[in-house]
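What follows is a single structure, written as structure tokens, with notes after it.
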Amino acid sequence: MLGSEDNIVKLPPLGVTEVDEVLNWVWLVDFGQGNFEQAKNVSELALLSQWQSSTLFARGVIHRLQGEFTRALSVFEEAFNDTQNSEEKLMIATIAYLTEWQSKAIFPDGWAIVSSASAINSTWLSRLTLLQKQVQNLVVCLESNLIILIGATLPNFRQLIINLTNSEARAELLQNIQQEITTQIELFQGLELLAIAQLLYTFLAEFLALAGQNKSGWQILDNLTQVYRQSNQHLVTAWYLLCQGDLICSIAPWGKPIVFGYRLVSQLEQTLARFSLDRANAQELYLKARQYFATAGAQRGEGMAILRLAYLNAVGGQWNLASYGYQEAQACFVATGDRLNAVAAQMGSWWTSLYYQELDQPCLLEIEKLIETLRQDGAIAWGLSWGLVFAQGAKEACVSEEDFDVALRLATVAETIMNVFAEQEELLTCQSYQPIWQDFQNLMASFYKKLTEMLVEANKWAEAFTLAEISRIYSLRAVKNYQSPQQPIPWLTIEEISLRLPPDTLLINYLVTEKYLLAWGITSEGLIQHSLLSEWQGKPIEPDTLQAIQTQWLKKIQTRTINPQFNSLLSRYLLQPFEQEINQVQHLVFIPSFELQWFTFEALVWQEQLLAEQKSISYLLTITQLLEQAAEISSGALIVTNLEANTANQTNLRNLPSLAPGIAKIIADIYQVDPLSGKESVAQELNKTLTSSSQLIHLFLSEPILPVTKLETEVIVITLYNQTSSQTLTNLIRQLIETGVKTIVINRYLQNEVALGMFLVFLHLNWRSGATIAQSLWQAQQQLCQVTVQEALDFCQMIQNQIPWQQISERANRAMLVKSIGDILTIGTDYQRAVEAYQVAIAIFNDCGYLQEANLLQNQYILLQSLAQTPSIYQPERLIYNSPEYWSSYLIVGNWQLSIKN
């Protein structure tokens, strides 16, 4: 019992005497008392005799306590509609909203996914907000506020504390929280509602510990334990003993189930220092708590103590004993209808048993069945969190090769749990769950990288290759706001991959781990070479260092400042291990690691020439892209220009002047089709056109955002008109692959529109003539290197013939073309004509209102005027685009062997 009878009577009741007696106020203050199963039976009988809002409300509360959130919310809706009393409505709305909040945002360890309950908007929140303004009864308002404090505010405070990196701000917040809890304790003590004050003391101790004052928090609980022990209040004594043990373990606030020593919010991913905790002291406290719970007749509380004792046995490596303890705890919870704690105990039993026995198919089916039940009950955050728990367990177990099998078992359970939830697409897209999904993907990527390291160190390169691919896919899924369906990841072997490679191709797969840069070289004959690099220029390999090198390399290419020594260094580290194999093939397929994504291998020096001058090159985002590759496609094509996809999923004209409309028309003529312009179609028509059966689509995009979610095409060529990061480029490529596109040709950057246009025309002409897409791109690179000043001017004339003159934007495009002609003439040293071209372009820009472009060009015009004063010889045969900055921008991702059926 909680204190004396008088104090209990003063606690707010549910309104159904029989249910109140069985639950023993656990719906508000849970000290391990109350029998949910018995309460459920009693409420069913009560509903048969009296169908009214209070009875329905009590039934909904029991559903909530049992983790049946979906059913609880349905019953709360009935109860809410059944009463006209605003005070009753406020209590129903309060509990209903917190039920929804717990379903979506509260982890088993008592932390909130997000830092504010208002982040989950709903009808219940609207009702609650309105009723709080209408109800004037102070007692009812106090009850409502108390429920929100316990159910939402304190979990939010935990999250807020962790989110704060400023130590002063964190200290100030903690001080405010402690002051608030202290005030609440004094308030409820004054009202003689001692059970509530007893519960709030637990919160106070926890927040003192969070503030680094663990000793003070412990002392509060210890003093209270002595007081209630002397007054023979066994239940409260047991509760405080339990919480003292929790403070030692630093894992479970205010009696929540222990989740194997892991905090689940992203800022606390790390395993807690369980091997340094005072196990003996914690064990003594938990044993005493169990005895007092048993004396008080609180079977659920006894199960909580057993749950923790099992955890301590697991920490000590006593896996059999721990597993038995979890099973004993589960029996207590099943008997009392505490389904959520029963799930925790069952998970603990599986966790510990996997350290000494195999994971068989019947066990996986049991796990799927349990998780599916949680999903249907709406216990989403609770269920998803166990995926994080087992992922953490897998990562932690991955210490040595001897633990390899245990780690994989735990990882398999984690993946099984998350795959059940992934089948419900709205759970992937809901913002509330995004942190969980992202944390899980990051954990699994890190785990499989660690396993890959272990296998490589054991010289098991073939096995390591399979795990490296799994790690890569998890890393891609870990990006923020990844919301695509998550299919199970296939385990691909090197033998399966080699069967899909033609004889003249070498695939080089890179992976950066915490310690190494790993690389596998695979041909149609299998794994022929591998490389392990632990140092870069005498320093340990670090992912951030390689990412910085990738950024620096791309910048040097774009600015023509490639250092020969730097180039040779990159070539030595990235290509040299595969020297013999590279020399024996015609085509190279690179699968860069995240840190090297989309590294410009084309511009690396190889045997005194650039690599792209000797070999055709393509890329894969993941190995799985090799699984479905067609040989030929039909010649249909769709060319779309002037397209911009904004956040409202509408299409607009690109306002900046560009040569894209003229280039698009020239490309469209190659396929004998008319280009589609964003100006000529609304979003709905465009969506219909883009999802038609065109075999090739070429989109000119101002932003790396897809205008549609489905593309029925084998090949897509994308021209991006704005600089984008490697990560953004990866996201776009991944989205394209997920829409069904097999081959993507896309530019890393945009350097020069005339060079770009000529390259694209070469590419499409080559492909239209029957070459594969890889051959077409390679030939286009070589052709662009041979373009002269005069040929570039001739191409400008072709573009000019395609650009109209009627609209302002069209005249601005003409001005951009004239400016480009001036640029080409400058390279050809015909400064006089270049000055004249700039003068015309400036006049058109000004006339069209493009003042910024006119002013920028004016500066070049002034500089060029001084050069025009000096006699010069026009050089029409001068090569103009033979630098990597012009021809290395485009890359192929996917099926490089595709050709057009003629």
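The values are calculated or read from the model by the stated rules, or taken from the named source; none is laboratory data. Keep in mind the model is a prediction, meaning the values are calculated, not measured. Because the Cβ atoms are built from the backbone with ideal geometry, glycine has one as well, and the counts that use them run over all protein chains shown. We work out accessible area using only protein heavy atoms, side chains counted, and drop any ligands, DNA or RNA first. Shrake-Rupley method; radii C 1.70, N 1.55, O 1.52, S 1.80 Å.
Rounded to two decimals, what is the ratio between the C-alpha radius of gyration of the range 358-491 and 2.2 N^0.38 Å?
Dividing the Cα Rg of the range 358-491 by 2.2 N^0.38 Å gives 1.04.
In square angstrom, what is the accessible area per residue of the chain with a 1.4 angstrom probe?
Result: 39 Å² per residue.
Would you mind putting 356-367, 509-520, 53-64 in packing order, based on average other-beta-carbon counts within 10 Å, highest first?
Result, highest mean Cβ count within 10 Å first: 53-64, 509-520, 356-367.
With just the Cα atoms defining each centre, how far is the range 349-412 from the range 715-754? Give it in Å.
38 Å
Nearest 10 degrees, 0 to 90: what angle lies between the long axis of helix 404-422 and the longest principal axis of the chain (Cα atoms)?
90 degrees
For an R0 of 51 angstrom, estimate the FRET efficiency from the Cβ-Cβ distance between N85 and T728 and round to the nearest 0.05.
The computed FRET efficiency comes out at 0.40.
Take every DSSP beta bridge whose two residues both sit in the chain, then give the antiparallel share in percent to the nearest 5.
Of those bridges, close to 45 percent are antiparallel.
Of K460/K555; K104/K133; K515/K555, which pairs sit farther than 28 Å apart, going by alpha carbon to alpha carbon?
With Cα atoms farther than 28 Å apart: K460/K555.
In whole Hz, what ³J(HN,Hα) sequence does the range 883-888 give by Karplus (6.51, -1.76, 1.60; θ = phi - 60°), x for Gly and Pro?
In residue order, the calculated couplings are 9, x, 4, 8, 9, 9 Hz.
Calculate I(q)/I(0) for the range 294-390 by the Debye formula, one identical point scatterer on each C-alpha and no solvent, and give its log10 at q = 0.10 Å⁻¹ to two decimals.
Debye intensities relative to I(0), on a log10 scale: -0.27.
What percentage of the solvent-accessible surface of the chain, computed with a 1.4 Å probe over protein heavy atoms, is contributed by carbon and sulfur atoms?
49 percent
How high is the relative contact order of the chain, in percent, counting Cα pairs under 8 Å that sit 6 or more residues apart?
Relative contact order here is 8 percent.
Which FRET efficiency value, to the nearest 0.05, do you get for L138 and V334 by plugging their Cβ-Cβ distance into 1/(1 + (r/R0)^6) with R0 = 45 Å?
Using R0 = 45 Å, I get an efficiency of 0.65.
Among all the aspartates and glutamates, which ones have a C-alpha under 17 Å from K89's C-alpha, if same-chain residues fewer than 8 places away are not counted?
E77, E78, E100, E143
I'd like to know which of S593, P564, I522 lies farthest towards the positive end of the charge dipole of the range 503-611, counting +1 on Cβ of Lys and Arg and -1 on Cβ of Asp and Glu.
It is P564.
Run a plain Debye calculation on the range 503-611 (Cα atoms as equal point scatterers, no solvent) and give log10 I(q)/I(0) at q = 0.12, 0.18 Å⁻¹, rounded to two decimals, same order as the q list.
The calculated log intensity ratios at q = 0.12, 0.18 Å⁻¹ are -0.40, -0.91.
Along the charge dipole of the chain, Cβ charges K/R +1 and D/E -1, which of S820, S531, T452 sits furthest on the positive end?
S820
Taking the Cα centre of the chain as the origin and placing charges on Cβ (Lys, Arg +1; Asp, Glu -1), which of L793, L638, S888 is farthest toward the positive end of the dipole?
L793
Kirkwood Rh over alpha-carbon pairs of the range 58-156, then Stokes-Einstein at 10 °C and 1.306 mPa s: what D in µm² s⁻¹, rounded to an integer?
Once the numbers are plugged in, D ends up at 117 µm²/s.
List the residues whose amide H sits under 5 Å from the amide H of A637, counting only those 5 or more places along or on another chain, with H placed 1.01 Å from N in the peptide plane.
Close amide H contacts, sequence-distant or interchain: Q695, L696.
Hey, could you get me the Stokes-Einstein D for the chain, Kirkwood radius over alpha-carbon pairs, 25 °C and 0.890 mPa s, rounded to whole µm² s⁻¹?
78 µm²/s
Is there a quick way to get the dipole size of the chain? I mean about its Cα centre, with the Cβ of Lys and Arg at +1 and of Asp and Glu at -1; what is the value in debye to the nearest 20?
With only Lys, Arg, Asp and Glu charged at Cβ, the dipole is about 1160 debye.
From the phi of every residue in the range 190-207, what ³J(HN,Hα) in whole Hz does the Karplus formula 6.51 cos²θ - 1.76 cosθ + 1.60 yield, where θ is phi - 60° and glycine or proline is x?
x, 7, 6, 9, 5, 4, 5, 4, 4, 5, 5, 4, 5, 4, 4, 4, 5, 6
Straight-line reach from K215: which aspartates and glutamates have Cα under 20 Å away, leaving out those fewer than 8 places along the same chain?
Correct list for K215: E172, E206, D246, D278, E284.
Can you show me the helix-derived [θ] at 222 nm for the chain, built from DSSP H runs with n ≥ 4 at -39,500 (n - 2.57) apiece and divided by the number of residues, rounded to the nearest 500.
Value at 222 nm, helices only, nearest 500: -18500 deg cm²/dmol.
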